[in-house]
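J.: This is the structure, below, for whatever I ask next.
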Amino acid sequence: MPRKKNRPTSDDQMERLFYPEGNIAFLDAEFNAGMNMRTKEKISEIISIGIIICDRDYNGIKKFYTLVSPLTQTKVFPMISKMTGITTEMLKGQPTFAEMSVNVTELMKHYDVKKIYTWGAADKHSLLQERDEMKERRISGHQASNKWNYMDMCTDISGLISNQMLGIRGGLSINMENLMFFCDIDEQQDHNALSDAYYLYKCMQYLRAYFPKVKQDSEFQRKQDLIDRYYQERSLYNSFRRFRSTSKGCDLYRKWGTRSKEEDIRLKAFEDDLKFLKGEIPYELEFDTIQEYFQKN
């Protein structure tokens, strides 16, 4: 009976990540995400792809960028346009998802790319989702979709880097903007697919330089400690938020202007308790005196 191969350890994975066997690529995609107000259907379609290809020593070889004509939603949502700078007019006449996929597949083959790295699982998920939707709708070009192997090459490295390289506990992952800050990249993330792919490439170059000597570098360890504390405290804060991004919170927000006088008093008492706990007001503070009350009202 053949022996089972041992699963690679996190150290092995990090070693392969920073010292790959061949050329690698970094990929980022931008999405037209929102809701169709007529059908109430949630939409998330790729409208641009950016790729940086480098050799096994992390020397840049090739960059690739293209806009992508969306499958169904022809208009770019205003929020997405503001964030990415991509407008509806810019997408007219651009390559379809199928044409883009053929180009990327050929690009990966030409440069003999072994792995494609992404930051977060959304990129690969959306690529596979759009491919499946093309098949289901039998959109032109879907016949060759089984050859688009670049999608299967995509690997999300955010968890591995966050937990093993940066030392963030609890399975929490750092976002791209904070990763850039950690890696001393003094730029603003501009939500351009090529720029974001390039920033990920530069972050990995930065981290690669520290990989063999993390335990010997006190400055890097200090940054590890700080970033872990930040994410632990932020996670704790988020766990105590009761009304954000919940239906209860939305209902409370809508009713905010119509709450009763009693609710106002309850809220005031709660706020004063919080101020006392934070040392902002003395413990003996009580309800307004009659003079103060009359003056305010």
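The values are calculated or read from the model by the stated rules, or taken from the named source; none is laboratory data. Everything numeric here is computed off the predicted structure, so don't read it as measured data. FYI the Cβ positions are ideal-geometry reconstructions off the backbone, even for glycines, and counts take in every protein chain you see. Calculation scope for accessible area: heavy atoms of the full protein, side chains included, ligands and nucleic acids excluded. Shrake-Rupley method; radii C 1.70, N 1.55, O 1.52, S 1.80 Å.
J.: Considering segment 115-146 alone, what residues qualify as being outside any helix (DSSP H, G or I) and over 17 Å from Leu200 (Cβ atoms)? If you could, list the steps in order and put the result at the bottom.
T.: From segment 115-146, those outside any helix (DSSP H, G or I) are 115-121, 138-141; that's our starting set.
Correct list: Arg138, Ile139, Ser140, Gly141.
J.: Under 8 Å between Cβ atoms, at least 6 apart or on separate chains: pull out the pairs that start in segment 280-296 with a residue that is more than 18 Å from Arg266 (Cβ to Cβ) and end on any residue that is aromatic (Phe, Trp, Tyr) and open to solvent by less than 100 Å² (accessible area, probe 1.4 Å).
T.: From segment 280-296, the pairs are Pro282/Phe276; Tyr283/Phe276.
J.: Condition check: more than 17 Å from Asn175 (Cβ to Cβ) and modelled with pLDDT of 80 or more. Does Arg234 satisfy that?
T.: no
J.: Could you tell me which residue of segment 147-170 is modelled with the lowest pLDDT, considering only residues that are open to solvent by 60 Å² or more (accessible area, probe 1.4 Å) and assigned to a loop (DSSP other than H, G, I, E, B)?
T.: From segment 147-170, those open to solvent by 60 Å² or more (accessible area, probe 1.4 Å) are 147, 149, 152, 156, 164, 169-170; that's our starting set.
Now drop any that are not assigned to a loop (DSSP other than H, G, I, E, B), which leaves 149, 169-170.
Details: Asn149: 92, Arg169: 95, Gly170: 95.
By that ranking, first place goes to Asn149.
J.: Could you tell me which residue of segment 185-231 is modelled with the lowest pLDDT, considering only residues that are of a type in the set (S, T, N, Q), open to solvent by less than 60 Å² (accessible area, probe 1.4 Å) and not in a helix (DSSP H, G or I)?
T.: Restricting to residues being of a type in the set (S, T, N, Q), open to solvent by less than 60 Å² (accessible area, probe 1.4 Å) and not in a helix (DSSP H, G or I), the top hit is Gln189.
J.: Quickly run through segment 61-79 and pick out the residues that are surrounded by 14 or more Cβ atoms within 10 Å (Cβ to Cβ) and among the aliphatic types (A, V, I, L, M).
T.: Matches in segment 61-79: Leu67, Val68, Leu71, Val76.
J.: Identify the single condition in (1) surrounded by fewer than 11 Cβ atoms within 10 Å (Cβ to Cβ); (2) part of a helix (DSSP H, G or I); (3) at pLDDT below 70 that Gly249 does not satisfy, given that it satisfies every other one.
T.: (1)
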